[in-house]
1. Can you confirm whether LYS246 is surrounded by fewer than 16 Cβ atoms within 10 Å (Cβ to Cβ), modelled with pLDDT of 85 or more and more than 30 Å from GLY106 (Cβ to Cβ)?
2. How many residues are within 32 Å of the chain's Cα centre (by Cα) and closer than 14 Å to GLY12 by Cα if we restrict to region 36-58?
3. Is at least one residue of region 292-308 of a type in the set (Asp, Glu), surrounded by 14 or more Cβ atoms within 10 Å (Cβ to Cβ), within 23 Å of the chain's Cα centre (by Cα) and outside any helix (DSSP H, G or I)?
4. Go over the candidates ILE330, ILE345 one by one and state the one that is more than 20 Å from HIS169 (Cβ to Cβ) and without any contact (Cβ under 8 Å) to a residue 40 or more places away in the chain.
5. Might you let me know whether region 59-80 holds any residue that is at pLDDT 95 or above and among the basic types (Lys, Arg)?
6. Considering only residues that are open to solvent by less than 50 Å² (accessible area, probe 1.4 Å), in a helix (DSSP H, G or I) and under 17 Å from ARG72 (Cβ atoms), which ones fall in region 17-47?
7. Could we say that THR117 is open to solvent by 70 Å² or more (accessible area, probe 1.4 Å), assigned to a helix (DSSP H, G or I) and among the polar types (S, T, N, Q) here?
8. List pairs: first residue in region 285-311 and over 16 Å from SER323 (Cα atoms) and in contact (Cβ under 8 Å) with a residue 40 or more places away in the chain, second residue among the acidic types (Asp, Glu) and not in a helix (DSSP H, G or I) anywhere in the structure, Cβ distance under 8 angstrom, at least six positions apart or on different chains.
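The values are calculated or read from the model by the stated rules, or taken from the named source; none is laboratory data. Please read these numbers as outputs of a predicted model, since none were measured by experiment. Positions of Cβ are backbone-derived with ideal geometry, glycine not excepted, and every protein chain shown enters the neighbour counts. Side chains are part of the model used for accessible areas, which takes the heavy atoms of the whole protein and leaves out ligands, DNA and RNA. Shrake-Rupley method; radii C 1.70, N 1.55, O 1.52, S 1.80 Å.
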Amino acid sequence: MKGYKLKVRARGEQVRRFIIENVEKYPKNIAKLTARKFNVSRQAVNKHIQNLVLEGIVSVQGSTRSRTYKLRSLDQWDKTFQIVPGLAEDVVWRTDILPSLGNLPGNIIDIWHYGFTEMFNNAIDHSAGTLIYIQLTKTAAGTEMILSDNGIGIFRKIQTELNLLDERHAILELSKGKLTTDPANHTGEGIFFTSRMFDDFIILSGGVYFSHKYGNEEDWILELDKFSSGTTVFMLLHNHTSRTLKKVFNQFTSDDDLGFSKTIVPVRLAQYGDDKLVSRSQAKRLLARIDRFRVVIFDFKGVETIGQAFTDEIFRVFQNKHSDVELVYINANSTVSQMIKRIIISNK
């Protein structure tokens, strides 16, 4: 009898967790979806939902037929910091952020520690602003942070410092990793790895919106009509993920090398407007700094065609000069794949 009760309790916890993790995505149909998932009655699911409402974890709006549910904020905290000499990310982490995160699993705390200190330090060292605003919101499912400064904007600064074509070019370089405007003091790995650790990671700056979702190899780039001053970073992490810092680092480390040695290059970011990827100059822009890696994965998702000169510059000219760099391509359609294979075969 005792074992049966434990099984029922464990299944009940699974149902509750499923509701918590999916109610934001399915605010109207969460009961139906949960009943189907666990093969239980709607009545049984509704009891769990009502308990979550009574506990203040879930809120409800509307009448019976139009009822919708959403997660309540369990805690919300915000504070503005002046960028002055002596402002240090480790002190802010210890005195403000860690207590606000509460009793989360160790691997979750580790990810937040890494992500927050990297982004806060970037704002201190590189924003050229005077203020940093932080807002932290915690629900039963996840925790999100908004970190905003009033500086010159991260993409604009990278573009200016490195003499790049435009802000989109700056994002292409960020996507590769190992990019810094201050090599004496920074490795350039912080933003890259932070973007890969969180379930959602967004940077809004200038006229560009950069987004990466965990599990996706590509980044999303949108150009904005309205210019945004400063830099705003948004980070979201589920409270119960099994992800660890080590797992994320290992994805970009070769088996025989403990350093940051792999990168994924989103080829479509080398395109501007309706331009086709046909020229050697476009290829050279794509190839900038990739000789710092041991393995380079070119992601051709969203690229319909590539020209002979563009392909030759990457898979023959560059490869012959850097035989120690392994070039890999993924998500290439048949047209792109045939062009690459033709260049590779002709180079043998």
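1. Taking the combined requirement at face value, the residue does not satisfy it.
2. Within region 36-58, residues that are within 32 Å of the chain's Cα centre (by Cα) and closer than 14 Å to GLY12 by Cα number 4.
3. Yes, there is a match, as at least one residue in region 292-308 is of a type in the set (Asp, Glu), surrounded by 14 or more Cβ atoms within 10 Å (Cβ to Cβ), within 23 Å of the chain's Cα centre (by Cα) and outside any helix (DSSP H, G or I).
4. Only one candidate qualifies: ILE345.
5. Yes, region 59-80 contains at least one residue that is at pLDDT 95 or above and among the basic types (Lys, Arg).
6. ILE19, ILE20, ASN22, ILE30 - these are the residues of region 17-47 that are open to solvent by less than 50 Å² (accessible area, probe 1.4 Å), in a helix (DSSP H, G or I) and under 17 Å from ARG72 (Cβ atoms).
7. Judged against the criteria, THR117 is not a match.
8. The qualifying pairs are ASP299/GLU217; ASP299/GLU218; LYS301/GLU217; LYS301/GLU218; GLY302/GLU218.
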